[in-house]
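Shown next, in structure tokens, is the structure this report addresses.
Just so it is clear, none of the values below were taken in a lab; they were calculated from the coordinates. Treat the numbers as computed from the prediction; the structure is a model and nothing was measured. Cβ atoms come from the backbone with ideal geometry, glycine included; neighbour counts cover every protein chain shown.
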């Protein structure tokens with residue numbers, strides 16, 4: 001798990017290894033929606049390396065139509081409620097349009113600072129885990 005020093009990014013080596021072994025993409029953003037961590041599966045899904053993603057606004061890395069109108073991260077940050085299995089499409093740097101399902105969770109550190117974790121999954125996984133067809 002690659003990370004920068006913002007809340008929730010001072011992960012232990014063990015935690016980083018665990019997150020990088022998860023086959024679902026996981027990344028976190030700060031309160032201003034800057035990517036603070038990015039696991040290997042997120043790189044495989046999006047085609048952007050952690051080195052290029054970290055420190056960038058999530059909308060600049062994940063080109064998603066809902067960014068401007070119905071941002072799942074912004075909704076979770078505002079309401080504190082998780083989002084489960086929302087279908088979206090991203091556009092990878094190679095121009096490929098990829099259907100995904102996303103889930104979010106609000107995280108708070110010991111000082112009360114917020115961060116949001118997002119898990120994008122391939123639609124084939126979404127069909128199995130979210131009841132899609």
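The table for this structure:
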quantity: Separation in nanometres of the label points that stand 7 Å from Cα toward Cβ, at residue 92 and residue 65; calculated: 2.0
quantity: Cα pair distances exceeding 24 angstrom across region 2-129, given as percent; calculated: 20
quantity: Residue order, fewest to most beta carbons within 10 Å, for 75, 31; calculated: 31, 75
quantity: Ratio Rg/Rh [Cα only; Rh per Kirkwood] for region 45-84; calculated: 1.01
quantity: Rel. contact order, % - alpha carbon contacts under 8 angstrom, at least six apart, region 2-129; calculated: 24
